[in-house]
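Novice: Take a look at the following structure, please.
The values are calculated or read from the model by the stated rules, or taken from the named source; none is laboratory data. Since the structure is predicted, the reported quantities are computational estimates derived from the model, not experimental observations. Don't worry about glycine lacking a Cβ; one is built from the backbone with ideal geometry, like all the others, and counts go over all protein chains shown.
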Amino acid sequence: MNDTNNEVILSVQHLKKTFNKLEVLKDVSIDISKGDVVAVIGPSGCGKSTFLRCLNCLEDPDDGSVIIFDNVNIADVRIDINEHRRNMGMVFQHFNLFENKTVLENITLGPINAALKKNKKASKKAIVEEAKTKAMTLLERIGLVDKANAYPSTLSGGQKQRIAIVRALAMDPKVILFDEPTSALDPEMVGEVLQLIKELAQSGMTMVIVTHEMGFAKEVANKVVFFNEGIIEEEGNPKEVFANPQSVRLKDFLSKVL
Amino acid sequence: MSNFEIFWSKFSQGGGYVDYLIGLQNTAIIAVLGLVIGFIIGSLVALVKFIPSNKWPVKILKGIGDVYVTVLRGTPMIVQLLLVHFALFPMMGLGWVNSVAQAVIVFGLNSGAYMAEIIRSGVNAVDPGQMEAGRCVGLSYSESMIKIVLPQAFKNIVPTIGNEFITLLKETSVVSFIAVIDLTKSMDSIANSTYEYFVPYIFLAITYLILVLGISYGIKLLERRLKKNERHQ
Ligand SMILES: Nc1ncnc2c1ncn2[C@@H]1O[C@H](COP(=O)(O)OP(=O)(O)O)[C@@H](O)[C@H]1O
Ligand SMILES: [Mg+2]
């Protein structure tokens, strides 16, 4: 699938995050290369969400943490994080589609805003048209063109999550982060969402996916990372990690979830 | 003459209706402008509270907002009105300002304190994931606020704002203390000059009731329109 000598796009070095006195991430380092699909697993409360949220600075990492994304240390509070976030998509457990916007507006809001900022002289109309055309193409890809003008409250969970994924895609991100994308779904809708993520993986998208779907992790990821108590306790190729876990904790964890 | 005839002769030939219309107008002006000014002040105070910064100028602004809300909500409107009309304005050399305008200012300031709280809780009631999703597609904090959070907050608080409007309307009856002719004052005059109290006060109560029912109906329509937005396919 992926060879290991690919260019590193996201390099996390000594990431720490403390809430008040609670040390959630103690010292996390990982390099993620272009095209990598990294599955993040671990018991609940071990800091998986916090890790993802630090990657795009929804949480400010503690001083001294380094997150090199696209050659910029985005953990540095002085950089314009909005610009870097546009290159890093995020898909949430609870979808978080904009409730006051239609499906089409959900997808085009970010791209239109970004294009207007990047190119101040361009005609707004042209930018809007381009964003809409692109959004419709994406909707076609997931078979939801007929929902373009619907509001999120009228959609099923699976539809919402697929639209949330497409919303992230529309920004042309270099990396997409997923935080338990199927955990809030009814069982019969899990498949359609995993299928879409799998297609993205096949198209070469770089992704970090927090998931409890071990079968999916094994099949789609080229790297699995086991978090425990704020550190990466074990990492490696999924086939090896799942077949031959080293640490007691991972063995214990796998015996519970598999 | 019957009670009603006494009232009616004073109301029509006696010119009572002129006061009644003036009173209706003043009541409406004070309640509506009070609401609008209150909404503007309340929005500013609430938004200052949401500035995600702890630098000292922001802290001072937030502090001023807190004091304003506490004081205005912690004292009766009538006291605020008397203080402004008989003490503060004359002391500042503003005693000449039209009493209706003074009432509008007091009602606006008073309502602003309540609106600040209404808007603040309306924003807090919006799922934090909405703001986060906005940030994640590269919108700034204020862009996410304006395009995503505030429209949803507004929809949630429309009924509460309606209640605030109704409260304001009913409270306008205190302005007779600073010699503004409002609805209550206009009927009060008829009652006091004819010594016939029943009909004018019933007439007054009915007038308020009709206004309040009208506002409630308007709010319902607005709510329904904002909701329909979600349903249509
Ligand atoms: N904003 C926050 N404030 C305080 N504690 C938090 C916050 N976010 C997460 N935590 C705590 O950090 C720990 C890790 O949470 P999280 O990253 O959500 O775990 P996971 O996603 O692995 O289940 C938990 O103990 C949680 O209570
Ligand atoms: Mg989590």
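Novice: So, of the residues in region A:19-55 that are in a strand (DSSP E or B) and small (G, A, S), which turns out to be nearest to A:E229 (Cα to Cα)?
Specialist: Among them, the one singled out is A:S29.
Novice: Specify which of the listed residues (B:I118, B:I60, B:I146, B:I161) is within 30 Å of B:E223 (Cβ to Cβ) and exposed (fewer than 15 other Cβ atoms within 10 Å of the Cβ).
Specialist: On the way: B:I118 fails: exposed (fewer than 15 other Cβ atoms within 10 Å of the Cβ); B:I60 fails: within 30 Å of B:E223 (Cβ to Cβ); B:I161 fails: exposed (fewer than 15 other Cβ atoms within 10 Å of the Cβ).
None of the others qualify; the one that does is B:I146.
Novice: Note down all Cβ pairs under 6 Å where the first residue falls in region A:188-214 and is within 25 Å of A:T50 (Cα to Cα), the second is of a type in the set (D, E) and at pLDDT 95 or above, and they're at least six residues apart or on different chains.
Specialist: A:T206/A:D36; A:V210/A:D179; A:V210/A:E180
Novice: Quickly run through region A:138-181 and pick out the residues that are within 13 Å of another protein chain (Cβ to nearest Cβ), assigned to a helix (DSSP H, G or I) and either within 20 Å of B:C136 (Cα to Cα) or within 16 Å of ligand 2 (Cβ to nearest atom) (or both).
Specialist: Passing the criteria: A:P152, A:Q159, A:K160, A:Q161, A:I163, A:A164, A:I165, A:V166, A:R167, A:A168, A:L169.
Novice: Which condition number in (1) within 13 Å of another protein chain (Cβ to nearest Cβ); (2) surrounded by fewer than 19 Cβ atoms within 10 Å (Cβ to Cβ); (3) not in a loop (DSSP other than H, G, I, E, B) is the one that A:A184 fails?
Specialist: Status for A:A184: all satisfied but (3).
Novice: What helices (runs of 4 or more DSSP H), lying completely within region B:118-212, carry at least 1 residues that are within 14 Å of chain A (Cβ to nearest Cβ) and of a type in the set (S, T, Y)?
Specialist: B:141-144
Novice: Considering (1) under 25 Å from B:A101 (Cα atoms); (2) at pLDDT below 95, say which one B:F198 fails and leave the rest.
Specialist: The failed condition is (1).
Novice: Taking region B:125-160, which residues are among the β-branched types (V, I, T) and out of contact with any Gly (no Cβ under 8 Å at 6 or more places or on another chain)?
Specialist: B:V126, B:I146, B:V158
Novice: In addition: Quick check on my filter: what residues within region B:186-224 are more than 21 Å from the chain's Cα centre (by Cα), surrounded by 11 or more Cβ atoms within 10 Å (Cβ to Cβ) and within 19 Å of B:T160 (Cα to Cα)?
Specialist: Result: no residue meets the conditions.
Novice: Name the strands (runs of 3 or more DSSP E) wholly within region A:196-253 that hold at least 1 residues that are within 16 Å of ligand 1 (Cβ to nearest atom), surrounded by 14 or more Cβ atoms within 10 Å (Cβ to Cβ) and within 14 Å of another protein chain (Cβ to nearest Cβ)?
Specialist: Output list reads A:206-210.
Novice: Could you please let me know if A:L97 is more than 16 Å from ligand 2 (Cβ to nearest atom), within 22 Å of the chain's Cα centre (by Cα) and not in a helix (DSSP H, G or I)?
Specialist: So A:L97 fits the description; yes.
Novice: Working only within region A:39-64, note down all residues that are more than 11 Å from ligand 2 (Cβ to nearest atom) and polar (S, T, N, Q). Spell out how you get there, then give the answer.
Specialist: Step one: of region A:39-64, the residues more than 11 Å from ligand 2 (Cβ to nearest atom) are A:39, A:41, A:54-64.
Correct list: A:N56 only.
Novice: Quick one: in region A:41-75, which of the residues that are among the β-branched types (V, I, T) and within 14 Å of chain B (Cβ to nearest Cβ) is nearest to ligand 1 (Cβ to nearest atom)?
Specialist: A:T50
Novice: Here is a list: A:L97, A:L55, A:L109, A:L25. Which entry is farther than 30 Å from A:V128 by Cα and crowded, with 20+ Cβ neighbours inside 10 Å?
Specialist: After ruling out the rest, the residue left standing is A:L25.
Novice: Scanning for something out of contact with any helix residue (DSSP H, G or I) (no Cβ under 9 Å at 6 or more places or on another chain), of a type in the set (K, R) and more than 16 Å from ligand 2 (Cβ to nearest atom), does region A:79-88 turn up at least one residue?
Specialist: Taking region A:79-88 first, the residues out of contact with any helix residue (DSSP H, G or I) (no Cβ under 9 Å at 6 or more places or on another chain) are A:79-80, A:84, A:87.
Narrowing further to those that are of a type in the set (K, R): none.
No, region A:79-88 has no match at all.
Novice: To continue, here is another question. Kindly check whether there is at least one residue in region A:209-217 that is touching a strand residue (DSSP E or B) at 6+ places or on another chain (Cβ under 9 Å) and polar (S, T, N, Q).
Specialist: yes
Novice: Take region B:175-233 and flag every residue that is among the hydroxyl-bearing types (S, T, Y) and under 30 Å from A:T102 (Cα atoms).
Specialist: B:S216, B:Y217
Novice: Restricting region A:90-102 to residues that are at the interface with chain B (Cβ under 7 Å from one of its Cβ atoms) and in contact (Cβ under 8 Å) with a residue 60 or more places away in the chain, which is nearest to A:I67 (Cα to Cα)?
Specialist: The residue in question is A:M90.
Novice: Return a yes/no flag: does region A:118-137 have any residue that is at the interface with chain B (Cβ under 8 Å from one of its Cβ atoms) and either more than 16 Å from ligand 2 (Cβ to nearest atom) or modelled with pLDDT of 95 or more (or both).
Specialist: At the first step, the residues of region A:118-137 found to be at the interface with chain B (Cβ under 8 Å from one of its Cβ atoms) are none.
No, that holds for no residue.
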